[in-house]
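Quick notes on the structure that follows.
The values are calculated or read from the model by the stated rules, or taken from the named source; none is laboratory data. These numbers were taken from a predicted model, which means no experiment stands behind them. Note that we place each Cβ from the backbone using ideal geometry, even for glycine, and neighbour counts take in every protein chain shown.
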């Protein structure tokens, strides 16, 4: 790693781990975080959790795992260019989706509805809950015992009510501070990967078409350049070329705009970044507007497409039916989950029972959730 800028987060300035550990010999503290995330069960399950399309619809579509890897790649590229901590950016990027439910945002919305009277469900908080409590691998502690900086970066959003219950991790929300620049980069890398790769998947699935996409400035500018440069290119290659250029355009703009902001503010520490009234890592106003146009098009033409809506409706049915069934009779749960849920119920009543059931459902893959639904509600499936 090249020399870090003064506003970057460094290992030696880390606020440490919840459970003290001997420093690693051959890697940095944030590399250790990254490695623990990659080797976690929750990370492996992301391979079978989808963003827009249900996992069994085809191997060509992106999953939460491929998305997380793409976010990490974009994040590291940006972090290196800005001379901030690549390894912390990568760790945050890889962990940001650990708490996602099966069936993408439709699954999260359904589980949030189920949990409304128990405080709701939010995937950022669930990601933190996974790395702090739910992973059970290490002899000396629950969770992954990640550094404060990685844990804080995972928590992109948080209500004031939840922040008050999170101790030091909730501080920045209570003080209305910004996250460190590495977390800001991971957030933008997530947005770049999500939007542009949903275009790719939407076009592959024939839910979007080229003419629709040409109404979006970011797409059309690259489309015209590619067609002018390669007039006989196949559609498949053209789509790939257009999307890679869209990503490059956004990264370049983000680097230029953020560099200008850094030059103007001239921060000399991590705290200088956090004390600002708005994120310092951002697009130019022009690209920000074009990115919003792209999001609006995806929302209207992809996320609300009837095929996607049908999948979302099925997802809501599966998640809500499972939650209600388990709340009504926890004996339907697998043995270990049943024992844990019973313990939580004995300790905290309905609240504890609901949280334990939400943990179980949120940890399911798309396929596992469907099979669990069939095992409980399909009379042909006996086990």
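If you check 347, 356 for being out of contact with any strand residue (DSSP E or B) (no Cβ under 9 Å at 6 or more places or on another chain) and over 27 Å from residue 63 (Cβ atoms), only one passes: 347.
Of all the residues in segment 120-142, those that are over 24 Å from residue 190 (Cα atoms) and without any contact (Cβ under 8 Å) to a residue 24 or more places away in the chain number 5. Consider residue 224 against the criteria (1) assigned to a helix (DSSP H, G or I); (2) modelled with pLDDT under 95; (3) more than 24 Å from the chain's Cα centre (by Cα): it satisfies all of them except one. Which criterion is unmet? Tallying (1) assigned to a helix (DSSP H, G or I); (2) modelled with pLDDT under 95; (3) more than 24 Å from the chain's Cα centre (by Cα), residue 224 fails exactly one: (2). Scanning segment 239-272 for residues that are over 28 Å from the mean Cα position of the chain (by Cα) and part of a helix (DSSP H, G or I) yields 263, 264, 265.
If you go through segment 228-272 and pick out every residue that is over 20 Å from residue 9 (Cα atoms), touching a helix residue (DSSP H, G or I) at 6+ places or on another chain (Cβ under 7 Å) and touching a residue at least 40 places away in the same chain (Cβ under 8 Å), you end up with 5. Scanning segment 205-221 for residues that are surrounded by 14 or more Cβ atoms within 10 Å (Cβ to Cβ) and part of a helix (DSSP H, G or I) yields 210, 212, 213, 217, 218, 219, 220, 221. Any chance segment 25-43 includes a residue that's at pLDDT 90 or above, in a helix (DSSP H, G or I) and closer than 26 Å to residue 208 by Cβ? No: segment 25-43 contains no residue that is at pLDDT 90 or above, in a helix (DSSP H, G or I) and closer than 26 Å to residue 208 by Cβ. Of the candidates 111, 94, 98, the single residue that is in a loop (DSSP other than H, G, I, E, B), modelled with pLDDT of 95 or more and surrounded by 21 or more Cβ atoms within 10 Å (Cβ to Cβ) is 98.
Working only within segment 330-343, note down all residues that are closer than 20 Å to residue 130 by Cβ and surrounded by fewer than 19 Cβ atoms within 10 Å (Cβ to Cβ). Once the filter is applied, which keeps residues that are closer than 20 Å to residue 130 by Cβ and surrounded by fewer than 19 Cβ atoms within 10 Å (Cβ to Cβ), segment 330-343 yields 334, 336, 337, 339, 340, 343. One residue stands out among those in segment 349-369 that are without any contact (Cβ under 8 Å) to a residue 60 or more places away in the chain and surrounded by 14 or more Cβ atoms within 10 Å (Cβ to Cβ): the one that is farthest from residue 125 (Cα to Cα), which is 353.
On inspection, residue 233 fails the criterion of being modelled with pLDDT of 95 or more and part of a helix (DSSP H, G or I). Screening residue 198 with (1) assigned to a loop (DSSP other than H, G, I, E, B); (2) crowded, with 19+ Cβ neighbours inside 10 Å gives one miss only, at (1).
Under the condition of being touching a strand residue (DSSP E or B) at 6+ places or on another chain (Cβ under 6 Å) and either outside the structural domain of residue 239 (by TED's automatic domain parsing) or crowded, with 24+ Cβ neighbours inside 10 Å (or both), the residues counted in segment 144-195 number 0. Within segment 329-341, residues that are assigned by TED's automatic domain parsing to the domain that holds residue 357 sit with their Cβ atoms under 8 Å from residues that are exposed (fewer than 12 other Cβ atoms within 10 Å of the Cβ), at 6+ positions apart or across chains, in these pairs: 338/331.
Taken together, the criteria place residue 119 among residues that are on the phi > 0 side of the Ramachandran plot and surrounded by fewer than 22 Cβ atoms within 10 Å (Cβ to Cβ).
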